[in-house]
Every structure is written in structure tokens, then in C-alpha cells.
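Take a look at the structure below.
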Amino acid sequence: MGEKKGNSDLNAGSIDKKVSGIDRVWMFLTMLVGYPLAFFLLLFGLVEAPRKPWSFDAFIFDLKGEPGQDLAKDWGESILVAFIFAMIIRSFLVEPFKIPSGSMRMTLIEGDRLFVPKWEYGPLVPSTKYRLPGLTKPKRGDVIVFKYPVTRDKDFIKRLIATGGETVLIDGGKIYINGQEIKDGPIASIHYYNSPLGSYGSLGNVIKVPPGHYFVMGDNSAASHDSRYWGFVPEELVVGKADCIFWPLNRIRWIK
């Protein structure tokens, strides 16, 4: 009986140490984040401090004492919690983007700000190739945001033209998928140009999209650097579908 009780006490002690370690890390982070704000608030007298009138020695005393520590903890926790929630929302729920160029005119113009929900296709687990389950798969005609396949260090936005296993031909401004002209949806109403400088968009060139990849183009294809030039987008680089413009006010709309 005594040995059993001793093992139980040892296990309980181990758990207590882990919790204490987490508390210390959290306290360090809150102090690290909160102390700059505490410094500012105490320096300019924006909060009550026990020592008046103000002097530099009193200010240092308050900053190192309970007033400074309380401020750092309270504000640091609030800022850290807000930051963590913001990262969770940005990584798994929705992310805002700004259009920097005219490659998607007139669907999107320079300065448009977009919401890109992550749950529709399923959010990528940060720093991995794994994607959580989504509501649907990317389909032809969707306007998608993805990591530029060549360098993977910046975000691009284009319209999805073809998916893995399909063939693409651009001829006379029209798109042909598996030999059939696209006659409905947004793609049918856009004039797409061939690109003599691009390996994948020259006149008469039939391109087959590899499995697990997408062929994308800008709606303003005369001024778009897209799959005609650099090839295909691996599905793991897709960030999400651009659903709506939220700014400026006169541009608020769903994206088609």
C-alpha cells in the first residue's frame, strides 16, 4: 500500500511541475509583450500610480514593482490572447488579401481587398502539405489564391481553368477543355490570349494538366503572368477561394 501511494504522489508531482513550467512561459510572454505598454502608460501618467508627484526614480520604482507587473500581466495577456486568436482565424478560417495589380481586371482591380475563407477547400496545416477536410474541391471558374509555384514566397490570384487530367487549348480567345469549348460560366465571357513567349500558352499547343495540379489564368490575360508562362499550381499551394470584396465600400460584392 505504501509503495502504491508513493507512486501516486510522484505522478502528481510531475504534473504539477509541467503546469508550473507552462505558467512560467506564459508569464514570461505576457511580461515581454505587456511591459512596453506598461512603460508607456506609467511614463505618461495614464494610469494611477501610488507615488506622486511624478519623478524618474518613482517611475522606475513603479515599473519594477506591483503597478508595472500588474499592468504588464493584464495588458500582455489581452494582447497575447488576441494575437493567438488572430493567428488561428488567419490560418484556419479566413484571411484578407489586397489586389496589387491589374491581372484580374475587370473582375478585380488594384486596391480591392478580399476575404478568402479557408474552410471551403479545407485549411492547410501551417508548414505542412496536409489539408484539413473542406466543404468542396476547387472547380473550374473559381477565383483562387495560391502560393506562386516558382518561388512559393508570395500569393497570386487567378481563375482556375482546368484541373488534373484535363487538356487545355487556347484558340481564338476561347478555352477548350478536352477538345470541347467552354460555353457557359465566367470563362466563356472572357477573351483569353495565347502567349507566344510562354511555354504553355502558345497557339495550337494542347497542354495536359498533371494529376493534383491546376491550370490558372488571369481574367486580364494580356497582362497576366500565369500558367501559360510557368506551368501548373500544385493543389497543396492553394490557399483558398476568393469569395467577396469587402473594401472599398463602392466595390463590395461577391466574386464571380
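Brief remarks on what is shown
- Lone qualifier among Ile177, Ile161, Ile207, Ile187 - being crowded, with 19+ Cβ neighbours inside 10 Å and either more than 31 Å from the chain's Cα centre (by Cα) or more than 22 Å from Ile109 (Cα to Cα) (or both): Ile207
- Where strands (runs of 3 or more DSSP E) fall wholly inside region 93-174, the ranges with 2 or more residues that are of a type in the set (D, E, K, R) and either modelled with pLDDT under 95 or under 21 Å from Arg253 (Cβ atoms) (or both) are 94-98, 155-163.
- Residue count for region 233-244, restricted to those that are surrounded by fewer than 20 Cβ atoms within 10 Å (Cβ to Cβ) and within 19 Å of Gly111 (Cβ to Cβ): 2
- Among the residues of region 175-211, those identified as charged (D, E, K, R) and in a strand (DSSP E or B) are Glu181, Lys208.
- Scanning region 200-237 for residues that are modelled with pLDDT of 95 or more, farther than 16 Å from Lys174 by Cα and aliphatic (A, V, I, L, M) turns up Val209, Val233.
- Residues of region 95-113 classified as surrounded by 16 or more Cβ atoms within 10 Å (Cβ to Cβ) and either touching a His at 6+ places or on another chain (Cβ under 8 Å) or under 20 Å from Arg131 (Cα atoms) (or both), total: 2
- Selected residue (only one of Val116, Val81 is aliphatic (A, V, I, L, M) and outside the structural domain of Lys154 (by TED's automatic domain parsing)): Val81
- When the criteria are applied in full, Gly212 meets the requirement of being in contact with a helix residue (DSSP H, G or I) (Cβ under 7 Å, 6 or more places away or on another chain), of a type outside the set (Val, Ile, Thr) and on the phi > 0 side of the Ramachandran plot.
- Applying the criterion of being surrounded by 12 or more Cβ atoms within 10 Å (Cβ to Cβ) and of a type in the set (Val, Ile, Thr) to the residues of region 42-92, the residue that is modelled with the highest pLDDT is Ile79.
The values are calculated or read from the model by the stated rules, or taken from the named source; none is laboratory data. What you see is a predicted model; the values in this text were computed from it and never measured. All Cβ positions, glycine included, derive from the backbone under ideal geometry; neighbour counts span all protein chains shown.
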